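**Student:** Before anything else, here's the structure in question.
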Amino acid sequence: MKSFAVSLIRGLMVLLSKLPLKFHYFMGDILAWLAMNVMHYRSGVVWKNLSRSFPQLKYRELKKIYKDFYKHFGEIFAEAIWFGGSCYERLRKNGIVTVMNPEEISEMYDSSPSMTVLSTHCGNWELMGGFLGYRTATGGKICFEEKDITVVYKKLKNHVFDRVFALNRIAPLVDVGTECEVESSSILRYSIQHRNEKRVYIYPTDQAPYYKSGPHPIGKFMHQDTMAMLGSVGVACRLSHSVMYMKMKQVERGRYEMTLIPICRNASESTPEEIMRKYYDLLEEEINETPHNWLWSHNRWK
């Protein structure tokens, strides 16, 4: 029954994805309006996060970020559905994401046993599965392939939607016959088992920590005391990975610029706390550049 439900939902999403991106944006605008004005989807969490993160801003300035966030929230769903049925050729033709520094990414990858990429909920994280499909946008070359990428994820409570969104997120990889995702609780064992293979590990890192697993204080982030999990960078330190921060800046509707910013070349020469502090400094800088671009509806500070 579970596999049938997954196949049915995915089939409908792939069918819808064949429609033009403009149609999806139209539907996304409707969803955004409903979420903000009718359902008031997590409006209390959004206001709380914004007011605490930008104490220097006036009400009208916060209100603008609030409205822009919900508009972007609708865009995330529109782009995700369109993306779920897209192959590399369609991604290249559309140019929805431009990889800004492919040569630097390749150099970091070549210089270490493996590479850890710390991603965020800025831009549209659902588009990360097309990472290698975006590489031609700047004419640069990335030296690794789909088979070298491992995406680390946290399972959703609903098993059907966990599988649906997992497949949707890596749709182009599945299209070329590659699908490699590892649940976060298994990543240490997986990394040690594959330590002799040069790989790229992509972690979503700005989520609220699992308190049962012992989160660590990393100081102030967006003017608030913040706890973080160090598992991803702990693995990187243990196995001497290079570490990069994935920045995804929205420059206009339907256009993102993805830049992987070096944090360190050899994580074993730093502590997990030092690396994570650099990560949150880069994330705060990115949020301040484009405030609407982060997932403010997430209850990051519980």
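No value in this document is a laboratory result; all are computed from the given coordinates. Please read all numbers here as calculations on a predicted model, not as lab measurements. Don't worry about glycine lacking a Cβ; one is built from the backbone with ideal geometry, like all the others, and counts go over all protein chains shown.
**Student:** Cut-off is 10 Å between beta-carbons; in what order do Ser86, Ser242, Ser184, Ser111 appear when sorted fewest neighbours first?
**Tutor:** Lowest to highest Cβ neighbour count: Ser111, Ser184, Ser242, Ser86.
**Student:** Expressed in nm to one decimal, what extension gain is obtained for the pair Ile192 and Ser240 from 0.36 nm per residue of sequence separation less their Cα-Cα distance?
**Tutor:** 16.1 nm
**Student:** Percent relative contact order of the chain, based on C-alpha pairs within less than 8 angstrom and at least six residues apart?
**Tutor:** Across the chain, relative contact order equals 24 percent.
**Student:** Let's see if you can work this out: charge +1 on each Lys and Arg Cβ, -1 on each Asp and Glu Cβ, no other charges. What is the dipole magnitude of the chain about its Cα centre, in debye to the nearest 20?
**Tutor:** Using Cβ point charges on Lys, Arg, Asp and Glu, the chain gives about 1000 debye.
**Student:** Can you sort Arg52, Arg60, Arg42 by how many other beta carbons sit within 10 Å, fewest first?
**Tutor:** Values: Arg52 12, Arg60 7, Arg42 16.
Sorted ascending by nearby Cβ count, the order is Arg60, Arg52, Arg42.
**Student:** Quick one: of Lys22/Lys147; Lys22/Lys154; Lys22/Lys141; Lys22/Lys58; Lys155/Lys302, which pairs are farther than 27 Å apart, Cα to Cα?
**Tutor:** Values: Lys22/Lys147 32 Å; Lys22/Lys154 31 Å; Lys22/Lys141 30 Å; Lys22/Lys58 34 Å; Lys155/Lys302 19 Å.
Table pairs above 27 Å Cα-Cα are Lys22/Lys147; Lys22/Lys154; Lys22/Lys141; Lys22/Lys58.
**Student:** Going down the list Lys64/Lys220; Lys67/Lys247; Lys64/Lys157, which pairs span over 28 Å between their C-alpha atoms?
**Tutor:** Too far apart for the 28 Å limit: Lys64/Lys157.
**Student:** Which of the lysines could a cross-linker span from Lys18 if the Cα-Cα distance has to be under 24 Å and same-chain partners fewer than 8 positions apart are dropped?
**Tutor:** Filter leaves Lys71, Lys93.
**Student:** How large is Rg/Rh for region 1-63, to two decimals, with Cα atoms and a Kirkwood Rh?
**Tutor:** 1.20
**Student:** How long, wide and thick is region 2-293, going by the Cα atoms along their three principal axes, in whole angstroms, largest first?
**Tutor:** Principal-axis extents of the Cα atoms in region 2-293, largest first: 51, 45, 41 Å.
**Student:** Give me Cys237, Cys180 sorted ascending by neighbouring Cβ count inside 10 Å, so fewest comes first.
**Tutor:** Cys180, Cys237
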